[in-house]
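J.: Before anything else, here's the structure in question.
The values are calculated or read from the model by the stated rules, or taken from the named source; none is laboratory data. Because the structure is a prediction, the values reported are computed rather than measured. We place every Cβ from the backbone using ideal geometry, glycine too, and count neighbours over all the protein chains shown. Quick note on the areas: whole protein, heavy atoms, side chains included, nothing else; ligands and nucleic acids left out. Shrake-Rupley method; radii C 1.70, N 1.55, O 1.52, S 1.80 Å.
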Amino acid sequence: MMSRSYTNLLDLASGNFPAMGQPREKKRLPRVMTVPGVISELDDDQANSVASDAPSSAIQDRIIIVANQLPVKAKRRPDNKGWSFSWDDDSLLLQLKDGLPEEMEVLYVGSLKVDVDRVEQDDVSQLLLDKFKCVPAFLPSDILTKFYHGFCKQHLWPLFHYMLPFSASHGGRFDRSLWEAYVAANKIFSQRVIEVINPEDDYVWIHDYHLMVLPTFLRRRFNRLRMGFFLHSPFPSSEIYRTLPVREEIMKALLNSDLIGFHTYDYARHFLSCCSRMLGLEYQSKRGYIGVEYYGRTIGIKIMPVGIHMGQIKSVLSLADKEWRVAELKQQFEGKTVLLGVDDMDVFKGIDLKLLAMEQMLKQHPKWQGRAVLVQIANPSRGRGKDLEDIQAEIQASCKRINETFGHTGYEPIVLIDWPVSLCERFAYYTIAECVVVTAVRDGMNLTPYEYIVGRQGVSESESSSESSGPKKSMLVVSEFIGCSPSLSGAIRVNPWNTESTAEAMNEAISMSDAEKQLRHEKHYRYVSSHDVAFWSRSFFQDLERTCKDHFRRRCWGIGLSFGFRVVALDPNFSKLSIDHIVSVYLRSKNRAILLDYDGTVMPQTSHNKTPSAEVISIINALSGDTKNAVFVVSGRGRESLGKWFSPCKKLGIAAEHGFFMRWSANDEWELCGQNSEFGWKQIAEPVMKLYTESTDGSSIETKESALVWHHRDADPGFGSSQAKEMLDHLESVLANEPVAVKSGQFIVEVKPQGVSKGMVAEKIFTTMSEKGKQADFVLCIGDDRSDEEMFEIISNAISSGILSSSTSAFACTVGQKPSKARYYLDDPAEVLNMLEALAEASDPESFTDTESEGSL
């Protein structure tokens, strides 16, 4: 049996599957191979990523569309010898081509809806590639069942629609073997993509929740691959999503994309909330674009609801069969007002709630008895399970009850159509319906209202029927919990769980004046006709191009195991500080300035005990004891705590409270570096901070001699951040006439005197050394916070102003890989200490002085 402690599921996916019972199959050579030198790597997931440094052999851009199913229909030949294929015109994947550049080649990767025998798979692959530019991914039956009907439909689909598995009989418990099958299936899709991809020139666009870990498989092969992902289902609130046992694996996999798309702001907001609460990532909005910074990469967040294919619908509207069917339906429902529902048979579509609302309307408004008819088209279900069976039984029972209560000879208030209906017939129903009702309790998008609006508009003004030549009108009653609701401002939005209000909305919709219906219809039609599927795909692709424009300019490499894998992208001038290099420069220098931040630099931010360890004291003592060195701890902390902690380091200089207090050694007096020593402003700022502290659980105030700091690290991330922004505005307003600066940092808001900064400290140290004839020829400045950026900036300014020589070896180093004014980085405080220890060991013992002697320059 497979060990449940096996954690590296990416490696698991590339090996044997004892739980699946599937022997590993030798890979076939791809039909199209455009990546030189990668064939031998297809069997080895641990191979190095393709760096994409070689020039491309292709000229034309190409996009690879990856989805669970290919946009083709398959059927067995009559002689049972082989298969015949045709395009599936209803597939969104096929329709989105209209929005892509005309010269762009489109390749599809996905599975087929039919089971193709293993011996036929080669021939089918060749046929689909040659005639349809499709690359099929063949999933073994045991993996397919657990992947699609298991993890996708039993775990992801319900969870993304806000259904939690409260018990084994309701939703089912998490089954790790289903997750393993999901990973295995995504792995198979990745292999098919890798076989045909040219990472230099190809874009990859992945669709929907079936393939949410695919970005990691592709990213670990091709660091600079241009890749987008679009989620067509809802993304739940963070409280719901965080119940998923593999929540971080999926989140980190999605963040290996360059652009992540959602239908609505709500879905995007929930995703960003998960990024913040689970991974500590914050987003920024710049010139209308939303981005999440992740290890030096900016992942774009796209909000754009999908549309319908206008060309396909107009061709259906012009069919003679449709007109013939419209005439039949008009005769069938003559004298009746038709309300229409078109939904999949699904637990989330709210068909049962719609029937209850119809029943309530007939009770509350008897005038509609005998006149109003609800035609409910229930498309065959794509899922299965007991919950679905219960809903089907409830729908059948409700239809029977309502028809028996309100129906009579020649009149049935509910007409249930629970068999497949063609697109042509569906539009015939749209044509005769006065109102479409959508009461889904949760739905990613739902294009039924869009189709209805275009169906009611008709093809052109030259149609022969008198109704189509008159003013166009339509009415919509839509659930507020579906993706298209925000874009339909003229619809009557309802909470489908409130059957009374839904019933009133249905009555209002069919009772509304024709003039009002016409105005609402015109507004909707303008939006739907301009925001079609081509507009959606064009907009997404343009944002993908913009997000990826710097891919080949930046240096990238992959780090991390399993789903912790991510790509670090850095500016070409930003590199990791080499200990060997800095030691060699250190040994050649004669006058050194070493400036160290404390929290987050030599002391981890997560450490509860902030007292420096014996190791830290020993290293700093060794560095500051060298007469060639001027070593300073430059911190926002108070002088009392810093002085106490570093009392063994007699030669160490300390700049406390961002430099408001400063001394060159333990034997020197503290200098007051601030321009103003009046602190009357505290009486204004402190009450404001107390107000926010009382209303923000987990926050606190730190009172320093020269400053006030409000901390919200232990508060709720979202609320704390919101309160910090509000407080910043509040303090800036009330302190506008005071000689202070109000600044925000990592989980803090600080008020301090003007003219006090770490940059000013660095400038004073460099100037003093130069005035004493000891101009620094070696500068090391390390910090992790926003306040430390001021020190990094001063270094370059000091060189240009002559305070430092142009030959000075300057090492501005930030802690962590992130955008910075520093040229170098180290990953964490442990690496900082390793580097400082190497410098301490390299110090010349003869340069050490008695620690009790005078320490100032």
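J.: If each residue of separation counts as 0.36 nm, what is the full-extension length gain between T409 and K113 once their alpha-carbon separation is subtracted?
T.: 102.2 nm
J.: To continue, here is another question. Do any trypsin sites (Lys or Arg not before Pro) in the range 777-825 lie in a loop, going by DSSP, with at most 14 other beta-carbon atoms within 10 Å of their beta carbon, and if so which?
T.: Listed in order of number, the matching sites amount to none.
J.: So which lysines can K517 reach, going by Cα to Cα under 19 Å and dropping same-chain residues fewer than 8 places off?
T.: K336, K472, K473
J.: Rounded to the nearest 10 Å², what accessible area does E669 show when all protein chains are kept and the probe is 1.4 Å?
T.: 150 Å²
J.: I need the calculated FRET efficiency for the pair L519 and S796, taking r as the beta carbon distance and R₀ as 56 Å, to the nearest 0.05.
T.: Values: r = 62 Å, r/R0 = 1.10.
Taking R0 as 56 Å, the efficiency between L519 and S796 is 0.35.
J.: Ignoring everything but the protein chains, give the 1.4 Å probe accessible area of D142 in square angstrom, nearest 10.
T.: 50 Å²
J.: Further, regarding this structure: Calculate what fraction, in whole %, of the accessible area of the chain sits on carbon and sulfur atoms when a 1.4 Å probe is rolled over the protein chains.
T.: Carbon and sulfur atoms account for 49 percent of the accessible area of the chain.
J.: Obtain the nm distance between the two label points defined at S805 and R786 by a simple spin-label model: each point lies 7 Å from its Cα along the Cα-to-C-beta direction.
T.: In this crude label model, S805 to R786 measures out at 3.8 nm.
J.: So, in Å, what gap is there between the alpha-carbon centers of the range 371-440 and the range 191-250?
T.: 37 Å
J.: At 1.4 Å probe size, with every protein chain present, just tell me what the per residue accessible area of the chain comes to in Å².
T.: 43 Å²
J.: Suppose R0 equals 22 Å. What FRET efficiency, 1/(1 + (r/R0)^6) with r the Cβ-Cβ distance, do D714 and E239 give to the nearest 0.05?
T.: Computed FRET efficiency for D714 and E239 comes out at 0.70.
J.: Taking the Cα centre of each part, how many Å lie between the range 477-491 and the range 517-568?
T.: 22 Å
J.: Put C424, C435 in order of accessible area, largest first, 1.4 Å probe: what do you get?
T.: C424, C435
J.: Moving on. Find the relative contact order for the range 103-202 and round it to a whole percent, using C-alpha pairs within less than 8 Å whose residues are 6+ positions apart.
T.: 29 percent
J.: Another question about this same structure. Can you spot the lysines whose alpha carbon is less than 18 Å from K650's alpha carbon? Ignore those fewer than 8 places along the same chain.
T.: List returned: K628.
J.: In degrees, nearest 10, range 0 to 90: what is the angle between the Cα axis of helix 682-695 and the longest Cα principal axis of the chain?
T.: On a 0 to 90 degree scale, this one is about 40.
J.: Please give the helix 320-332 orientation as an angle from the longest Cα principal axis of the chain, in degrees from 0 to 90, rounded to the nearest 10.
T.: Long axis of 320-332 versus the principal axis of the chain: about 70 degrees.
J.: Hey, how many Å between the Cα centroid of the range 583-631 and the Cα centroid of the range 757-826?
T.: The range 583-631 and the range 757-826 have Cα centres separated by 15 Å.
J.: Give the long-range amide H neighbours of D668: residues separated by 5 or more places, or on another chain, with amide H under 5 Å away, using H modelled in the peptide plane at 1.01 Å from N.
T.: none
J.: If you don't mind, another one. Pick out, from Q369, S237, L281, the residue whose Cα sits farthest towards the positive end of the charge dipole of the range 227-382, with +1 on the Cβ of Lys and Arg and -1 on the Cβ of Asp and Glu.
T.: Q369
J.: Also, I was wondering about something else. If I model a spin label at S607 and K821 as a point 7 Å from the Cα along the Cα→Cβ vector, what separation in nanometres do I get?
T.: Taking the simple label geometry, S607 and K821 are separated by 2.7 nm.
J.: Same structure, new question: Amide H neighbours of V438 under 5 Å, at least 5 residues apart or on other chains, H built in the peptide plane: list them.
T.: Correct list: V477, V478, S479.
J.: Next question. Which of the GluC sites (Glu not before Pro) found in the range 286-341 are loop residues per DSSP with 14 or fewer other Cβ atoms within 10 Å of their Cβ? If you can, show how the numbers build up before the last one.
T.: Details: sites: E293, E323, E328, E334; in loops: E334.
Taking the range 286-341 and a limit of 14 other Cβ atoms within 10 Å, the loop GluC sites (Glu not before Pro) found are E334.
J.: Under a 1.4 angstrom probe, counting protein chains only, how are K704, K97, K386 ranked by accessible area, largest first? List each step's numbers first, then the result.
T.: Details: K704 20, K97 85, K386 135 Å².
Ranking K704, K97, K386 by accessible area, largest first, yields K386, K97, K704.
J.: Could the peptides 79-85, 830-836 be put in order, highest first, of the mean number of other beta-carbon atoms found within 10 Å of their residues?
T.: 830-836, 79-85
J.: While we're looking at this one, here's another question. Could you check the simple spin-label distance between Y162 and R546, using points 7 Å along Cα→Cβ, in nm with one decimal?
T.: 3.2 nm
J.: Can I ask one more? On a 0 to 90 degree scale, rounded to 10, what angle separates helix 386-406 from the longest Cα axis of the chain?
T.: Helix 386-406 and the main axis of the chain meet at about 40 degrees.
J.: Ordering K758, K774 by how much accessible area each has at a 1.4 Å probe, largest first, what is the list? Intermediate values should be presented prior to the final figure.
T.: Working: K758 5, K774 80 Å².
Ranking K758, K774 by accessible area, largest first, yields K774, K758.
J.: Given the convex hull of the Cα atoms of the chain, what is a quarter of its surface area in nm²?
T.: On the way: hull surface 177.6 nm².
Value for the chain: 44.4 nm².
J.: Also, quick follow-up: Setting aside same-chain residues fewer than 8 positions from K252, which lysines have a Cα under 26 Å from its Cα?
T.: Within the straight-line cut-off, K252 pairs with K146, K153, K187, K286, K302, K549, K576, K818.
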